[in-house]
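Novice: Could you have a look at this structure, given as structure tokens, before my questions?
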Amino acid sequence: MNFATFLSTPVSELLWKRREDVRRRESSKPAIGSTLCCAGLRMTVQAGMSDELWRWLVVLGWRELHPRENRLSFKPLPTSLVTRLFDCAVEERERVLLAAIRQAANSASTRVVVPQRTPAERVAS
């Protein structure tokens, strides 16, 4: 690393903080009853969430809600569709999650921001 790169690199990257946060998120599956959030949406972790499903949600940008964050500022996904997401086959996950997002967005007065995925991420998942 040359001096110019060193000066232009954020401190968190120099200290590996960002990479550690991602690793910590991927490695620790949240407990039952925890709240997950992404793009203004939230869902509650129920029994039956597999490690594979958790890794898939992390890739999509879902994370566990920190205790100091206000969970009421996030629009809840319908519980019935979250249960179906946890129980469905791998091939149906994306379709079930999109249905839950659509239903939450239609009943919401808040704006839901769906993160954009690059073509490479679509192929990988």
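Novice: Taking the stretch 68-79, which residues are out of contact with any helix residue (DSSP H, G or I) (no Cβ under 8 Å at 6 or more places or on another chain) and over 11 Å from residue 44 (Cα atoms)? Break it down stepwise before answering.
Specialist: If we filter the stretch 68-79 for residues that are out of contact with any helix residue (DSSP H, G or I) (no Cβ under 8 Å at 6 or more places or on another chain), which is where we start, we get 68-74, 79.
Across the stretch 68-79, the qualifying residues are 68, 69, 70, 72, 73, 74.
Novice: Please enumerate the residues belonging to the stretch 46-67 that are over 16 Å from residue 94 (Cα atoms), open to solvent by less than 50 Å² (accessible area, probe 1.4 Å) and out of contact with any Cys (no Cβ under 9 Å at 6 or more places or on another chain). Let's see the steps before the verdict.
Specialist: Let us first name the residues in the stretch 46-67 that are over 16 Å from residue 94 (Cα atoms), namely 46-48, 51, 63-67.
Add one more test, that the residue is open to solvent by less than 50 Å² (accessible area, probe 1.4 Å), and what stays is 46, 65.
The one that is over 16 Å from residue 94 (Cα atoms), open to solvent by less than 50 Å² (accessible area, probe 1.4 Å) and out of contact with any Cys (no Cβ under 9 Å at 6 or more places or on another chain): 46.
Novice: How many residues, within the stretch 68-82, are open to solvent by 50 Å² or more (accessible area, probe 1.4 Å) and not charged (D, E, K, R)?
Specialist: Initially, the stretch 68-82 is screened for residues open to solvent by 50 Å² or more (accessible area, probe 1.4 Å), giving 68-73, 75-76, 79-80.
Now narrow it down to the ones that are not charged (D, E, K, R): 70, 72-73, 76, 79-80.
Total satisfying the criteria: 6.
The values are calculated or read from the model by the stated rules, or taken from the named source; none is laboratory data. Bear in mind the structure is a predicted one, so any value in this text is a computation, not a measurement. FYI the Cβ positions are ideal-geometry reconstructions off the backbone, even for glycines, and counts take in every protein chain you see. The accessibility values were calculated without ligands, DNA or RNA, using every heavy atom of the protein model including side chains. Shrake-Rupley method; radii C 1.70, N 1.55, O 1.52, S 1.80 Å.
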